[in-house]
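Data first, discussion second: the structure below is written as structure tokens.
What follows draws every value from the coordinates through simple rules; no lab data is involved. Because the structure is a prediction, the values reported are computed rather than measured. Note that we place each Cβ from the backbone using ideal geometry, even for glycine, and neighbour counts take in every protein chain shown.
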Amino acid sequence: MKSIYKLSLLIIVALSACKKYGYEVEDGYDDNAGNVKSITVDTNRLFVDRSAFAKARVFPGLVGDDEPRVTDAKFTLDLNFSTQTADVLRISVAPQPQFGTGYYAPPGELIKIIVPDGVNGLSVQVGGHTDNLTGVSPLLRDPVIVVRKQLFSGVNYVRNLYGGYIYINATFALSAPVAFSITGACVAPDFELGKSIDATWMAQVKASQVPWLELRCRSVVYLVPRDLVVEKFTSSRDPLTNPTALMTKWNEIFDQHYNAWMGLSANAPDERDRSPQGPWRGTVDIQISGFPTAAGHSGFPFMGLLNYNGSEWFQTWVSLNQLTTNQPHPNWGTYHEFGHNCQQNTTWNWSALGESTNNLFSYKVAKAYGQDFRILHAPNEWNDVALAYAATPASATKNFDIDLNGGRENGSFARTVPFVQLLEKFDYGLLTYIYTKARHAPRLANNDQDKKDNFYEWSCEYTKTDLLPFFNAWGITVSNISQAKIKAANYPELSKAIWTYNIMTKTGGDGPVPVSATPIPTTVISASSPAQEGSLANLVDNNTATIYHSKYSSPTAAESFPFTIIESTGTAAAPVKGISFVQRIGVSNGYVRNVEIYTSPDNINYTLAGTTTVPQNETRYNYAFPGGTITTRYVKVIVRTGASTVFMSLSELTLFK
């Protein structure tokens, strides 16, 4: 009874504690129906905003008054795409879900677009020239000439003072095709592979006053000026008379020499190996970001300067014969920029290769069509610079990233050479393997050294060869960890000096690999005889003018033959390829002759690595272990015989990799 009383008292207290705050919400939600912001929607199609006509006339161009504007024209888009993002493919830029409508907005005129009920996630973009030129001086056009607006179900309006091609952008896929209605736009005389008929299309282009149109196939879309297309119809240089063949060839190039070469296909079971589900895009602009130093840049779309070298970008896109012959001008620039989009900068393409590995696609296309590499980017002095650099002796200070720094050509283009050498001397499937491994790698690279190690390991895996001599010749540093990993795989070491292969003349690269001797930081930790002249440290100082001379004044038996010297790679084991001897310069009576070399991980248990006879002259003698590189921390050298029967001397006794 007492409990019931206490409970009743608590209820009364709780109810009496409630306080009125001046408002009540019956169902938990405020009724703000009356709080409506006043918005003015531009719906006056009779008004034409001519405030930017003078600028639009310069670029991208006006549309004639007598060019028909459509009323309630219908178009349908298939927006059911599979998103292949740059993150999934691990490339720099991937195609985005952007869809050309086939319509063009005249400058300053209002466009009405009706979107069906229940369709969300779409936006409209008017204009294909997306570079923001804010901060660029002098300006040839206004900084921003593109308009984007979100679309909602029902009636939508958009106006661009400069006009432009009309696109629909999607944020997510829609399973069913979407039917739109558009009013106020002009029909763009686009060519679409598989739908357009060559002769009919050419007539449509000639009759149109729309300044821009699309050349469209499954893999790539080019937004191009109509006036240049008309000129190209009757050009003496590779006239555009067969657009079907042209765009079929572009499909082939991207399908086989971009997507397939990267290990991508349309129906791959693993999403990571599926080719981009939308087309790449390219266009030309009167001015681009990076102006005046840049003639083009990668991205979506890839942008080229309209008037560069007499409309060179446009010519490379619409010249069928040029695609397969690279004549009269190579398509290097186009493949170069699309190649930038495809670079895998998070896994193996390290920072020094920004303007290098993107050019590999030019070589792939040239290889496929039997083109001469010498015309791809002539003159080819940079190839000579690269070969001369690779021919210099490997050393601990040789640095591929820094030494090849002669600007764009003698730097960036020269750095392309070792990659083409690998493709040519092994096969072009190497890059397919590299790209696939990169997409499937469990983690991204943390730094440039990770990227170099990845490229080294994956290249060795594909070729079933330890390519360390090749990397050393080019001064591309490989970590001890990666060297040990490949060593453990028991791949045979590269036997041919493929870094001497001339990619332009296709000669060389078949000679034997010389015994390279990239010094390893080494310390001498003990010797059976103390130094009577010089010091033990002189053996590893990389200075042939200094010496170590064993005790020769009344040495004990332990201080004479056989001599034992133990060296160390430091605090951690390292891959050691062999040991380098330099006899004492100028004095031969202490020359060493017959030696044994042992290795050990702990300075306790030693294993014989090899025996050799050191030449009796002053020339450096590099002795490579017959079993290949050994990962070790300690190396013991036992000198059995020499020129003397009492003492020995040496200028250098260094480990190398």
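Computed values, structure above
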| item | result |
| --- | --- |
| The range 132-148 - phi-based ³J(HN,Hα) in whole Hz, Karplus 6.51/-1.76/1.60, Gly and Pro as x | 8, 9, 4, x, 7, 8, x, 8, 9, 8, 5, x, 10, 10, 10, 10, 10 |
| Protection proxy ranking of 255-267, 388-400, 178-190 - average other beta-carbon atoms within 10 Å, highest first | 178-190, 255-267, 388-400 |
| Net charge over other residues, Cβ less than 14 angstrom from the Cβ of N349 (K, R count +1; D, E count -1) | +1 |
| Sequence-distant residues sharing a close amide H with T631 (under 5 Å, placed H) | V576 |
| Placed amide H near W280: partners under 5 Å, 5+ positions off or other chain | V220, V221 |
| Candidate lysines - alpha carbon under 20 Å from K206, same-chain residues fewer than 8 apart omitted | K195, K232 |
| Range in the chain, longest, excluding exposed GluC sites (Glu not before Pro) [loop by DSSP; at most 11 other beta-carbon atoms within 10 Å] | 27-657 |
| Virtual spin-label span in nm between T171 and T432, 7 Å along Cα→Cβ | 3.9 nm |
| Footprinting exposure proxy for V144, V158, V513 (fewest neighbouring C-beta atoms within 10 Å first) | V144, V513, V158 |
| Residue-averaged [θ]222 nm for the chain, counting only DSSP H segments that reach four residues, each worth -39500 (n - 2.57) | -6500 deg cm²/dmol |
| Low-density loop positions, trypsin sites (Lys or Arg not before Pro), the range 229-295 - DSSP coil, at most 14 other Cβ in 10 Å | R237 |
| Whole-number percent relative contact order across the range 209-346, with pairs defined as alpha carbons under 8 Å at least 6 apart | 21 percent |
| Charge dipole magnitude, Cβ of K and R +1, D and E -1 - the chain, Cα centre, debye nearest 20 | 800 debye |
| Exposure proxy ranking, count of Cβ atoms within 10 Å, fewest first, for V524, V635 | V524, V635 |
| Computed magnitude of the charge dipole of the range 399-500 (debye, nearest 20; Cβ of K, R +1, Cβ of D, E -1) | 220 debye |
| N242 versus Q150: modelled label distance in nm, points set 7 Å from Cα along the beta carbon direction | 4.9 nm |
| Cβ-derived FRET efficiency at R0 60 Å, K485 paired with S588, nearest 0.05 | 0.90 |
| Cα-based shape type of the range 61-184, given that a ≥ b ≥ c are square roots of the gyration tensor eigenvalues and the cut on a/c is 1.5 | oblate |
| Cα lying deepest toward the dipole's positive end in the range 343-500, options T357, Y491, P379, charges on Cβ | Y491 |
| Among 362-369, 122-129, the order from most to least packed when residues are scored by Cβ within 10 Å on average | 122-129, 362-369 |
| In order through the range 120-128: 3J(HN,Hα) via Karplus (6.51 cos²θ - 1.76 cosθ + 1.60), integer Hz, x for Gly, Pro | 10, x, 10, 9, 10, 10, 10, x, x |
| Net charge, E533 excluded, C-beta distance under 13 Å - Lys, Arg +1, Asp, Glu -1 | +2 |
| Sorted by Cβ density within 10 Å, fewest first, the residues R640, R226 | R640, R226 |
| Under Karplus coefficients 6.51, -1.76 and 1.60, residue-wise ³J(HN,Hα) of the range 597-614 in Hz, glycine/proline x | 10, 10, 10, 8, x, 9, 6, 10, 9, 10, 10, 5, 9, x, 10, 7, 10, 7 |
| Option label - Cα extents along the principal axes in Å computed here, alternatives [x] 88, 67, 49; [y] 113, 109, 47; [z] 165, 56, 53 | [y] |
